[in-house]
1. Pulled fully out, how much extra length does the chain show between residue 159 and residue 293, if you take 0.36 nm times their separation in residues and subtract their Cα-Cα distance?
2. When the Kirkwood hydrodynamic radius is evaluated over all pairs of different C-alpha atoms of the range 184-327, what value in angstrom, to one decimal, is obtained?
3. I want to check the label-to-label distance for residue 307 and residue 258. Put each point 7 Å from Cα in the C-beta direction and report it in nm to one decimal.
4. Taking the beta-carbon count within 10 Å as an exposure proxy, list 288, 106 from fewest neighbours to most.
5. Using the number of other C-beta atoms within 10 angstrom as an exposure proxy, rank 230, 278 with the fewest first.
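Bear in mind these aren't lab numbers, they're just calculated from the coordinates by the rules spelled out. Note that the structure is predicted; figures quoted are calculated from it, not measured. Ideal geometry is used to build each Cβ from the backbone, glycine not excepted, and the neighbour counts take in all protein chains shown.
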Amino acid sequence: MHVKTHKAGEGENRTVNAALQKRDDSRFAVPHSQRESSNAAAQLKLLELANNNPRVNQLKAFQALADDRSRVAAQRERQGRVAPCAAEGVAQCAVVSVGNGVQARWRSTLISERSFATRAEAEAAESDLYARTAAMTPLPLAFGSGAPYGFHGFPELGSLPRADVPRVTEQVQSLAPMLHTVSPQNRRFNTSEPPRPPTMYFQEHGLNLEGQPAMSSGRVRQEHDDGPVVYVDRHPRNHLFSHDERMLGIENEYDLEDDDIDTVGLGQAEEGMHHIEVHHNDPRHRSWELAHSSGGTLSTAPMNPHDVDRAILRSALRGRVDDRRRTGR
């Protein structure tokens, strides 16, 4: 997983990139305990060589995410949910119980709540997450201690002073574990309430560590009275739509029946319909309650993936990041 470097300082870059390449090439061959020790030493050496090198800064910014995902994966193993196979690297094999038997699935220490059928699928998901996180991480726009910082993946956002870099980097690190759910390919629709920019809704379908179907959901609110926010829900939410504005005042499914309000799912929804989010408090029952009613109406217009990620980053930097799977809210 590599990213481009600047042409300036090519000699310095060649030294750093060679060290990084050596680290990548040996990733699957070195025992885990030795790799941790050698990685720590390599980090120190890299920082000595080029503190302002873009690849080094990306590596530093991403390390916190990798460490956190490794911790979560190790905790799940200790709880007996998965048993590790003989595999090294970020993408790791896991033997999971399915029914009365077992099967091998691949998991990523960066995306610990999902599993994949093959190693290639796990590494592809990792590569996408790494590239998007790197694009959102502030880096020097030129070499030198006084260089301004900016987003090489989103140059239209402009530059920011060096003093803001720690805060912005911390915000991106908080956002990174959510990017597997909140991504351009998982955007299902927008709600629009001019003149505000649209709110984007996301659903991600996959398999959990046990190989069972699982879904996560989230939204990006670009502008609101309480400010922008990027959410991933603690429990996944579903969506209902209707031309009947009375739907916005209901509290549960029984209210729909009492008021004789017709609703449809996203597959049958039409442009301009009203929208509510619903959740199941008890997954053993079909009954649901209102989670959120939208002030805007449904928009199914396509969006460029770059524009989706730019909106995600801008909302995170201007407002809040709330991964409710962690905060429990």
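1. Values: separation 134, 0.36 × 134 = 48.24 nm, distance 3.65 nm.
My answer for the length gained is 44.6 nm.
2. Values: mean 1/r = 0.0624 Å⁻¹.
Computed over Cα pairs of the range 184-327, the Kirkwood hydrodynamic radius comes out at 16.0 Å.
3. Result for the modelled spin labels: 4.2 nm.
4. Working: 288 17, 106 21.
Lowest to highest Cβ neighbour count: 288, 106.
5. Details: 230 29, 278 19.
Sorted ascending by nearby Cβ count, the order is 278, 230.
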